[in-house]
Amino acid sequence: MRHVSQYFPRHAGDNLDETGQGNEKPSRGYIAWMLWGGDEGREWSEGVVKKLDERDEKDSD
């Protein structure tokens, strides 16, 4: 899950505004972003990682 979560910050600027409006094809960056779950995937994965980190911190005490 941490791997999934790390994708989003690395690729946040990859031509995400090019969404294929009109006759244009969507950018590869936009397609990849959507395949990884889009903004919802980013929020979800960050929440899961936060819970994992909290659990790990608790277990280390």
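The values are calculated or read from the model by the stated rules, or taken from the named source; none is laboratory data. Model, not experiment: these values are computed from the prediction. Cβ coordinates were reconstructed from backbone atoms using ideal geometry, including for glycine residues, and neighbour counts include every protein chain displayed. We work out accessible area using only protein heavy atoms, side chains counted, and drop any ligands, DNA or RNA first. Shrake-Rupley method; radii C 1.70, N 1.55, O 1.52, S 1.80 Å.
General observations
- Count of residues meeting criterion [within 17 Å of Pro9 (Cβ to Cβ) and open to solvent by less than 100 Å² (accessible area, probe 1.4 Å)] in the range 31-51: 14
- Summed over the range 15-61, residues that are within 16 Å of Arg2 (Cα to Cα) and over 11 Å from the mean Cα position of the chain (by Cα) total 11.
- Residues satisfying the stated conditions in the range 1-14, i.e. within 28 Å of Asp56 (Cα to Cα) and open to solvent by less than 60 Å² (accessible area, probe 1.4 Å): Val4, Ser5, Tyr7, Phe8, His11, Ala12
- Among the residues listed as Asp61, Asp17, Asp56, the single one being open to solvent by less than 80 Å² (accessible area, probe 1.4 Å) and either among the acidic types (Asp, Glu) or touching a strand residue (DSSP E or B) at 6+ places or on another chain (Cβ under 8 Å) (or both): Asp56
- Contact annotation: residue pairs with Cβ atoms under 8 Å, 6 or more positions apart or on different chains, pairing a residue in the range 34-60 that is over 30 Å from Asp17 (Cα atoms) with a partner that is open to solvent by less than 100 Å² (accessible area, probe 1.4 Å), are Leu52/Met1; Leu52/Arg2.
- Flag for Arg28 being open to solvent by 80 Å² or more (accessible area, probe 1.4 Å) and at pLDDT 85 or above: yes
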